[in-house]
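Take a look at this one; I'll ask things after.
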């Protein structure tokens with residue numbers, strides 16, 4: 001289980017994440033929603049330790065992740081893989097080599113510098129590319145792929161790390177609806193089939209409700225909603241997104257573009273519920 005306790009990040013006088021606490025059971029698919037600037041990306045980057053917390057604790061199976069250094073920190077980043085909105089592939093390298101970059105932490109330094117990978121690692125990369133439907137592009141350069149294809153390659157790169165947790169920071173924000181649906185289907189399959197915990201920042205409410213077991217809503221760095229997706233009704237959406245309480249503004253989030261195969265959700269008719277954390 002992942003436990004976040006009192007996690008805080010300040011940048012000068014700005015508090016990006018403010019005393020956030022929650023637990024994520026192993027194997028859960030958790031969606032995090034909120035306006036731009038709510039602290040979602042900073043939160044994920046602190047869990048992965050790409051950003052250093054100002055205060056708080058990140059506990060995973062008894063380890064204080066926030067205190068890890070050196071090799072222990074490198075091993076954590078291998079165990080807690082990250083997928084980014086802008087893919088972070090190496091454009092001039094082919095797809096297979098980009099995926100194999102996920103194995104660098106398994107290599108001695110000299111082999112890593114020379115990019116020397118074993119036949120077993122190459123086979124693992126090909127199998128992983130098959131899972132994300134990208135084997136046909138194995139020798140193509142990354143910069144020749146569409147955005148959706150690049151994101152699927154990025155997911156394959158994360159999977160060859162053999163992670164226990166997968167963090168996805170707005171993985172579909174720059175994709176068209178069809179490509180976005182394929183990416184979300186793959187992430188849900190990884191979660192269900194492999195039992196990997198997935199924590200995913202998402203922009204659209206309908207996507208979070210359709211794919212996630214649980215949703216956290218953030219506003220100005222704080223968690224103000226943590227519950228089952230069905231509990232996310234009109235009033236709770238207002239609390240998360242709307243600065244002035246205007247229904248004209250909230251409509252933008254309720255009527256967001258729906259992915260193929262996901263029927264539009266009438267959030268106004270959703271009944272309320274408790275603030276429990278689903279298990």
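Any read-out appearing in this document is the output of simple, stated calculations on the displayed coordinates, not a laboratory observation. Keep in mind that what you see is a predicted model, and the values were worked out from it rather than measured. Positions of Cβ are backbone-derived with ideal geometry, glycine not excepted, and every protein chain shown enters the neighbour counts.
Once fully extended, how much extra length lies between residue 15 and residue 130, figured as 0.36 nm per residue of separation less the alpha-carbon to alpha-carbon distance? Please report the intermediate quantities before stating the final value.
On the way: separation 115, 0.36 × 115 = 41.40 nm, distance 4.22 nm.
Difference between extended and current length: 37.2 nm.
How big, on average over all directions, is the shadow cast by the Cα convex hull of region 13-70, in nm²?
On the way: hull surface 19.6 nm².
Mean projected area for region 13-70: 4.9 nm², to one decimal.
If one computes the Cα centroid of region 60-80 and of region 21-55, what distance in Å separates the two points?
The distance from the Cα centre of region 60-80 to that of region 21-55 comes to 16 Å.
What ranking of 189, 179 emerges when the number of other C-beta atoms within 10 Å of each C-beta is taken as an exposure proxy, fewest first? Walk me through the numbers before you get to the answer.
Values: 189 12, 179 19.
By the 10 Å Cβ count, ascending, the order reads 189, 179.
Taking a ≥ b ≥ c as the square roots of the Cα gyration tensor eigenvalues, with a/c under 1.5 meaning rounded and otherwise prolate when a/b beats b/c, else oblate, which class fits region 118-210?
Values: a/c = 2.24, a/b = 1.31, b/c = 1.72.
Oblate, since a/c reaches 1.5 and b/c is not below a/b.
Could I ask something else about it? Obtain the nm distance between the two label points defined at residue 143 and residue 176 by a simple spin-label model: each point lies 7 Å from its Cα along the Cα-to-C-beta direction.
With each label point 7 Å from Cα toward Cβ, the separation is 2.3 nm.
Run the simple label-point estimate for residue 189 and residue 220 please: 7 Å along Cα→C-beta, distance reported in nm.
Here the modelled spin labels are 4.3 nm apart.
Another question, if that's okay. Please pull out the direction-averaged projected area of region 5-143, using the convex hull of its alpha-carbon atoms, in nm² to one decimal place. Spell out each step's value before the answer.
Numbers: hull surface 42.6 nm².
Over all viewing directions, region 5-143 projects a mean Cα-hull area of 10.6 nm².
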